[in-house]
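K.L.:
Below: one structure in structure tokens.
The values are calculated or read from the model by the stated rules, or taken from the named source; none is laboratory data. This is a predicted model, so every value here is computed, not measured. FYI the Cβ positions are ideal-geometry reconstructions off the backbone, even for glycines, and counts take in every protein chain you see.
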Amino acid sequence: MEEKIQEIKGRIALELADVKTSAELFQLKAKYVLGKAGIIPGLMKELGKAAKEDRPKLGMVINSLKEWATEYFAKKEIEINEAEKNYRYKKETIDITMPAKHLKQGTLHPVSLVKAELIDIFAGMGFRVLETREIEDDFHNFTALNTPKEHPARDKQDTFYINDDFMLRTHTSPGQIRSLTTIKPPFKVLIPGRVYRADDDATHSPMFHQMEGLVIDEKITLCDLQGMLDVLVKKMFSEEAKTRFRPSFFPFTEPSVEVDVSCFECGGKGCKLCKGTGWIEILGGGIVNRKVLENCGVDPDKYTGFAFGLGLDRIAMLKNGVNNIHVLYEGDLRALGQFKG
Ligand code: DAH
């Protein structure tokens, strides 16, 4: 038995010398010391075959072999764990002197920039922002806005109809009806959003953006609109910017106006941007037509209001010297990345 034990010790020492990983170590441990199948526990089983008087001594010898082996394996385990840890640390070392990867930072879309700037200015005047629906019905998009059945704006060539009753809104003006029928006057609302028309050329896209404004109170006049727009253009373009009203027609406002701002490129002297006129059209507006108020159940003898609608894409293009609206929607980051607020 003594010989056998020496031989086992020798084998363990030999085999352990070759072990490099904790997995290999575990396998070897299983082979010699673990469970009933291990070689050393196997020796215990053989005890039964020995002479009775030899058994206690042999038991002790085998036990001390087991202790020796366990300790031997434990030492090796510490060694291997240390080596594996060092290897991992080395592998995971980060070279902080390496040049950093260049991360590209995105920019906001030019239309989002214009929208945010306008909302900021109007919020300062007490407007609240509403987002109303993009699929509208005939009543909100046309009828209630005093746009009768034969009106050319209803032309199937302009409007994307979904069925006889529903369409993609052709302007943000239906937001006026949604406000008038749900909010108790007085109020000031701003309704930005996407609008749709079957139109597609250098300055028109089938989907574009408008921002509607509506102020309802007692004794509102065109002067209120003019005063507010003067403040707007000074904040939006420059302190020197002026506005000019031209008479116009919209079914939902009476009187209606088209509003120009003095050219922010040449200051009014005349240049390419303003086509030599010194003025640039920025929006349509007017005094809310009595019929619109009546259609929404608001008393037109008590309340009056002004409304306006402006094209966000148009303003983004004007401000950034873009003459083709498709630049805004082709998703070319080389172009879009250049726009500033
Ligand atoms: N909805 C008009 C359009 O799409 C723009 C507009 C004009 C809106 C006058 C208004 C307004 O609120 O008063 O062309």
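Yes/no per residue for (1) modelled with pLDDT under 95; (2) within 22 Å of residue 115 (Cα to Cα); (3) hydroxyl-bearing (Ser, Thr, Tyr):
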| site | (1), (2), (3) |
| --- | --- |
| 150 | yes, no, no |
| 157 | yes, no, no |
| 164 | yes, no, no |
| 174 | no, yes, no |
| 181 | no, no, yes |
| 193 | no, yes, no |
| 203 | yes, yes, yes |
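K.L.:
Something else: Counting only residues that are within 11 Å of the ligand (Cβ to nearest atom) and buried (at least 17 other Cβ atoms within 10 Å of the Cβ), how many does region 223-259 have?
P.N.:
9
K.L.:
Can I ask one more? Which residue, of 212, 239, 294, 254, is free of Cβ contacts under 8 Å to residues at least 40 places away in the same chain and either under 37 Å from the mean Cα position of the chain (by Cα) or within 24 Å of residue 113 (Cα to Cα) (or both)?
P.N.:
After ruling out the rest, the residue left standing is 239.
K.L.:
Additional query: If you go through region 135-150, how many residues are over 33 Å from the mean Cα position of the chain (by Cα) and of a type in the set (Asp, Glu)?
P.N.:
Of the residues in region 135-150, 1 are over 33 Å from the mean Cα position of the chain (by Cα) and of a type in the set (Asp, Glu).
K.L.:
Another question, then. Can you tell me which residues in region 104-159 are aromatic (Phe, Trp, Tyr) and buried (at least 16 other Cβ atoms within 10 Å of the Cβ)?
P.N.:
122, 127, 142
K.L.:
Do any residues in region 79-108 that are more than 30 Å from residue 332 (Cβ to Cβ) have Cβ atoms under 6 Å from those of residues that are in a helix (DSSP H, G or I), where the two are at least six apart or on different chains, and which pairs are they?
P.N.:
80/22; 80/25
K.L.:
Of all residues in region 260-290, which are near the ligand (Cβ under 9 Å from one of its atoms) and free of Cβ contacts under 8 Å to residues at least 60 places away in the same chain?
P.N.:
Hits for region 260-290 are 283, 284.
K.L.:
Could you tell me whether any residue of region 283-298 is over 22 Å from residue 189 (Cα atoms) and either surrounded by fewer than 20 Cβ atoms within 10 Å (Cβ to Cβ) or at pLDDT 95 or above (or both)?
P.N.:
Scanning region 283-298 turns up no residue that is over 22 Å from residue 189 (Cα atoms) and either surrounded by fewer than 20 Cβ atoms within 10 Å (Cβ to Cβ) or at pLDDT 95 or above (or both).
K.L.:
Would you mention how many residues in region 86-111 are closer than 30 Å to residue 337 by Cα and either among the hydroxyl-bearing types (Ser, Thr, Tyr) or over 33 Å from the mean Cα position of the chain (by Cα) (or both)?
P.N.:
Of the residues in region 86-111, 1 are closer than 30 Å to residue 337 by Cα and either among the hydroxyl-bearing types (Ser, Thr, Tyr) or over 33 Å from the mean Cα position of the chain (by Cα) (or both).
K.L.:
Scanning region 200-222 for residues that are out of contact with any Phe, Trp or Tyr (no Cβ under 9 Å at 6 or more places or on another chain) and among the acidic types (Asp, Glu), which turns out surrounded by the fewest Cβ atoms within 10 Å (Cβ to Cβ)?
P.N.:
The residue in question is 201.
K.L.:
Also: Any idea which of 138, 165 is of a type in the set (Asp, Glu), within 29 Å of residue 220 (Cα to Cα) and more than 13 Å from the ligand (Cβ to nearest atom)?
P.N.:
138
K.L.:
Can you find even one residue in region 294-309 that is within 14 Å of the ligand (Cβ to nearest atom) and part of a helix (DSSP H, G or I)?
P.N.:
No; the residues of region 294-309 include none that is within 14 Å of the ligand (Cβ to nearest atom) and part of a helix (DSSP H, G or I).
K.L.:
Restricted to region 93-139, and to residues that are touching a strand residue (DSSP E or B) at 6+ places or on another chain (Cβ under 9 Å), assigned to a loop (DSSP other than H, G, I, E, B) and acidic (Asp, Glu), which residue is nearest to residue 166 (Cα to Cα)?
P.N.:
Per the stated criteria, the residue is 134.
K.L.:
So, of the residues in region 306-341 that are surrounded by fewer than 22 Cβ atoms within 10 Å (Cβ to Cβ) and of a type in the set (Val, Ile, Thr), which turns out to be nearest to residue 278 (Cα to Cα)?
P.N.:
Among residues in region 306-341 that are surrounded by fewer than 22 Cβ atoms within 10 Å (Cβ to Cβ) and of a type in the set (Val, Ile, Thr), the one nearest to residue 278 (Cα to Cα) is 322.
K.L.:
Further, regarding this structure: Could you say whether any residue in region 78-94 is surrounded by 15 or more Cβ atoms within 10 Å (Cβ to Cβ), within 30 Å of residue 50 (Cβ to Cβ) and not basic (Lys, Arg)?
P.N.:
no
K.L.:
Please pick out the residue among 147, 170 that is assigned to a loop (DSSP other than H, G, I, E, B) and in contact (Cβ under 8 Å) with a residue 40 or more places away in the chain.
P.N.:
It is 147.
K.L.:
Let me ask something else. Do we have residue 183 as away from the ligand (no atom under 14 Å from the Cβ), hydrophobic (A, V, I, L, M, F, W, C) and surrounded by fewer than 20 Cβ atoms within 10 Å (Cβ to Cβ) here?
P.N.:
The answer is yes for residue 183.
K.L.:
Among the residues of region 279-332, which ones are of a type in the set (Val, Ile, Thr) and more than 20 Å from residue 226 (Cα to Cα)?
P.N.:
Within region 279-332, 292, 298, 322, 325, 327 qualify.
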